[in-house]
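Here the structure is laid out as structure tokens; the discussion comes afterwards.
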Amino acid sequence: MTDNLAFDQETAAFMERFYQSGDIVERRDTVLRRLSAQPGDRILDVGSGPGFYVEALARQVGPSGSVVGVDPSEAMLETSGRRLADLANVELRQGAATALPVEADSFDRALSVQVLEYVEDVPKALGELYRVLRPGGRVVLWDIDWATVSWYSENPERMAAVLHAWDEHLADPSLPQTLPASLAMSGFEEITVDGHATVNTHISDDGYSKGLLRFVSGYAAGRRGCTQDMLDDWAQEQKELDAAGRFSFSVIQFCFSATKPTT
Ligand SMILES: C[S@@+](CC[C@H](N)C(=O)[O-])C[C@H]1O[C@@H](n2cnc3c(N)ncnc32)[C@H](O)[C@@H]1O
């Protein structure tokens, strides 16, 4: 059963800091390059979270363009709203990927980064993206296949239990495996997929794994047999491995793009 991560005030505040760190900035640069927004474009960010994409895109599209960010979480909307307050060509709306509070055929480009993996009904969300893009419009999606996590531990059984518990934080831990076919079923064309390896050999402020350690420690207790003591020991082991120069974490993240046909 899914019991999604709560996108509350505490998570929003942490995410705003975490999403300014190296691995996530690099991911954002990759997505923005793939989206390739042009001056004057109207852009939709589904699951806009802390609002970093909205902020960057608002500058790229300029005063003749506009960006709408949609997110169901009040905490995320408040956090992003504070930083985006001075941007005139930005609008934030509360809503879900499966019922987008925007007009049909009204966006040149759309993006949704690490959001669809939280959505129970992905075909419905893709149908919504299709509805709101103009013919010829393009979407860029990014999701993680959590089955690709390779994370060293001298206690592999505990590591497996912790990662299994973490899988419960979203609706589909391996969404990238089925997303290309789902995009095609939804009517999209010109579907592309790229895999991006995130590799950390240290726990550093710029590394994805540092934030992940914090998220997993805060989420997994009471799930799949994980106790708080077990999680504390798991996190402590990772710090000790790091101090000994033996830390090793990697995961593959996937970037998809697809176009709504013109006819
Ligand atoms: C991991 S964060 C990613 C935020 C942002 N896309 C980024 O990469 O900077 C996931 C975001 O998806 C939002 N979210 C969760 N379920 C959603 C849904 N059903 N529809 C739209 N957004 C959702 C959360 O509130 C959160 O802001």
What are the residues whose amide H is under 5 Å from the amide H of Ala110, where those residues sit 5 or more places off or on another chain and H is modelled from the backbone?
-> Leu44, Arg138, Val139, Val140
By how many nm would the segment from Ser153 to Asp194 grow when fully extended, if each residue of separation counts as 0.36 nm and the alpha-carbon distance is taken off?
-> 11.9 nm
Degrees, to the nearest 10: 156-167 long Cα axis against longest axis of the chain | 30
If you line up the long axis of helix 22-35 against the longest principal axis of the chain, both from Cα atoms, how many degrees apart are they, to the nearest 10?
-> 30
If every Lys and Arg gets +1 and every Asp and Glu gets -1 at its Cβ, then about the Cα centre the chain yields a dipole, in debye to the nearest 20, of 720
How high is the relative contact order of the chain, in percent, counting Cα pairs under 8 Å that sit 6 or more residues apart?
-> 21
Taking every pair of Cα atoms in the range 16-100, average 1/r, invert it to obtain the Kirkwood radius, and report Rg/Rh to two decimals.
-> 0.94
Cα long-axis angle, helix 208-219 against the chain (0 to 90 degrees, to the nearest 10) | 80
Which distance in Å, rounded to a whole number, links the C-alpha centroids of the range 187-263 and the range 69-99?
-> 25
What is the fewest-to-most order of Ser248, Ser48 by other Cβ atoms lying within 10 Å of their Cβ?
-> Ser248, Ser48
What's the FRET efficiency of Ser106 with Arg214 using the Cβ-Cβ distance as r and R₀ = 35 Å, to the nearest 0.05?
-> 0.40
How do Glu103, Glu120 line up, fewest other C-beta atoms within 10 Å first?
-> Glu103, Glu120
Reachable lysines from Lys239, Cα under 29 Å, same-chain residues fewer than 8 places away excluded?
-> Lys210
Listed residue (Leu44, Ala12, Ser64) projecting farthest to the positive dipole end of the range 1-103, Cβ model | Ser64
Counting Lys +1, Arg +1, Asp -1, Glu -1, what net charge surrounds Ala12 among other residues with beta carbon under 12 Å of its beta carbon?
-> -3
Can you give me the P(r) profile for the chain? Cα pairs, bins 10 angstrom wide beginning at 0, each as a whole percent.
-> 7, 29, 36, 20, 7, 1
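Each value in this text was obtained by applying a stated rule to the coordinates, not by laboratory testing. Computed from a predicted structure; not experimentally measured. Counting neighbours? That spans all protein chains shown, and the Cβs are built from the backbone with ideal geometry, glycine included.
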